[in-house]
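Encoded as structure tokens, the structure appears first; notes follow it.
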Amino acid sequence: MKVLITGITGYIGSHLAKECLEQGWSVYGLVRPDSKTDLLKQNGILSKVRLHRFSQGTESLRGILRKIKPEVVCHMATLYIAEHKPEQVAALIDSNIRFGGELLEAMRHEGVNALVSAETAWQYDPEGNVAPVNLYAATKEAFAVLNRYYGDAFGLRTIQFKLFDTYGGKDNRPKLLNKLREISKTGEVLELSKGEQILDFTHIDDVTAAFNLGIQRVLKLKSGKTEEYVISGKRMALKEWIQAINLNLKKPLPVVLGAKPYRAREVMVPWNGGVKIKGWRSQVSVKKGLQEFFGEPLKIRNQYDKNG
């Protein structure tokens, strides 16, 4: 089977490519001219995937799809900005809406009608109502609407995954866990909020396992059918995550809880709805995941040594 992955040079996309290769599938990547391939090298798969660089526009995408003829497209490409600045609006819309819309249109014209997409749980409030927490989440919701339109109008089959936070080995994204790992080595003091907000982290191996099932599932859907699933791991308050890490590091994390106010529109209790794709559950325990992430043997107490 041929699988085309957008965002293949990103953290999740590169790990998904590795997962697909392990399934024996042919993996193709859609990349921009300036995309770096460092993560593909780190995962040892750069020589095993076939990358296609594209210029902006539907016609460029059509040409690549025509050449590859993939059975499934995995749309992982995204631009994440938690709190945007005025000059970042255009980039968010271009990356998360325009590019996705052009991809859907290209798929329509080239007869590629199976899509697995990565979205965000931050599109919803705690009650499950559509209420994007930031502009990033709003652009992801806009793409989801486009996605449903192409299903209704042109028979696109889609699996949509709603993700919370993700983490894993060799993860250098500018995220909270990465900052905590950094200060565990440098000793730099990090000021945080009180840490009462609930955070949901899923290990990258569990994330790619869910997408693997989604790729197989989408090919079985009827024309125009869309299914939505959630990928949810371990949910704890930020201060509990810090406690879990501190229990076994040689030195406690140099953090000061309560030194900063919560962010505007801080989500204290995230959405806890949705369904998980059949056959999937979180397999990587907090103990195992954090041990890999921090690079130290952690002897985390039993309440943390459980799957999500």
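The values are calculated or read from the model by the stated rules, or taken from the named source; none is laboratory data. All values reported here derive from a predicted model rather than from experimental measurement. Virtual Cβ from ideal backbone geometry, glycine too; neighbours counted across all protein chains shown.
Please verify whether Ala91 is within 16 Å of Thr158 (Cβ to Cβ), at pLDDT 95 or above and either hydrophobic (A, V, I, L, M, F, W, C) or out of contact with any helix residue (DSSP H, G or I) (no Cβ under 8 Å at 6 or more places or on another chain) (or both), treating the condition exactly as stated. So that I can check it myself, show each step before the final result.
On the way: within 16 Å of Thr158 (Cβ to Cβ): no; at pLDDT 95 or above: yes; either hydrophobic (A, V, I, L, M, F, W, C) or out of contact with any helix residue (DSSP H, G or I) (no Cβ under 8 Å at 6 or more places or on another chain) (or both): yes.
Taking the combined requirement at face value, the residue does not satisfy it.
From the list Ile215, Ile231, which one is among the aliphatic types (A, V, I, L, M), touching a Ser or Thr at 6+ places or on another chain (Cβ under 7 Å), in contact (Cβ under 8 Å) with a residue 60 or more places away in the chain and under 17 Å from Ala118 (Cβ atoms)? Please lay out each step first, then the result.
Numbers: Ile215 fails: touching a Ser or Thr at 6+ places or on another chain (Cβ under 7 Å).
Among Ile215, Ile231, only Ile231 is among the aliphatic types (A, V, I, L, M), touching a Ser or Thr at 6+ places or on another chain (Cβ under 7 Å), in contact (Cβ under 8 Å) with a residue 60 or more places away in the chain and under 17 Å from Ala118 (Cβ atoms).
Identify the single condition in (1) surrounded by 15 or more Cβ atoms within 10 Å (Cβ to Cβ); (2) of a type in the set (Asp, Glu); (3) within 24 Å of Pro132 (Cα to Cα) that Asp171 does not satisfy, given that it satisfies every other one.
(3)
Return the residues of the range 241-261 that are crowded, with 16+ Cβ neighbours inside 10 Å and touching a residue at least 12 places away in the same chain (Cβ under 8 Å); say none if nothing qualifies.
The answer is Trp241, Ile242, Ala244, Ile245, Asn248, Leu253, Val255.
Please list, ordered by residue number, the helices (runs of 4 or more DSSP H) wholly in the range 1-76 having 1 or more residues that are crowded, with 23+ Cβ neighbours inside 10 Å and touching a Ser or Thr at 6+ places or on another chain (Cβ under 9 Å).
Ranges flagged: 11-22, 38-42.
On the given criteria, is Leu213 over 30 Å from Val3 (Cβ atoms), among the aliphatic types (A, V, I, L, M) and crowded, with 16+ Cβ neighbours inside 10 Å?
Criteria not met by Leu213.
Being surrounded by fewer than 20 Cβ atoms within 10 Å (Cβ to Cβ), of a type in the set (Val, Ile, Thr) and either closer than 22 Å to Asp205 by Cβ or assigned by TED's automatic domain parsing to the domain that holds Ile215 (or both): is that true of Val89 here?
It is true that Val89 is surrounded by fewer than 20 Cβ atoms within 10 Å (Cβ to Cβ), of a type in the set (Val, Ile, Thr) and either closer than 22 Å to Asp205 by Cβ or assigned by TED's automatic domain parsing to the domain that holds Ile215 (or both).
Of the numbered conditions (1) in contact with a helix residue (DSSP H, G or I) (Cβ under 8 Å, 6 or more places away or on another chain); (2) closer than 22 Å to Arg173 by Cα; (3) modelled with pLDDT under 95, Gly57 fails exactly one; give the number of that condition.
Failed condition: (2).
Kindly evaluate Leu213 against the criterion of being farther than 20 Å from Gln123 by Cα and at pLDDT 95 or above.
So Leu213 passes the test.
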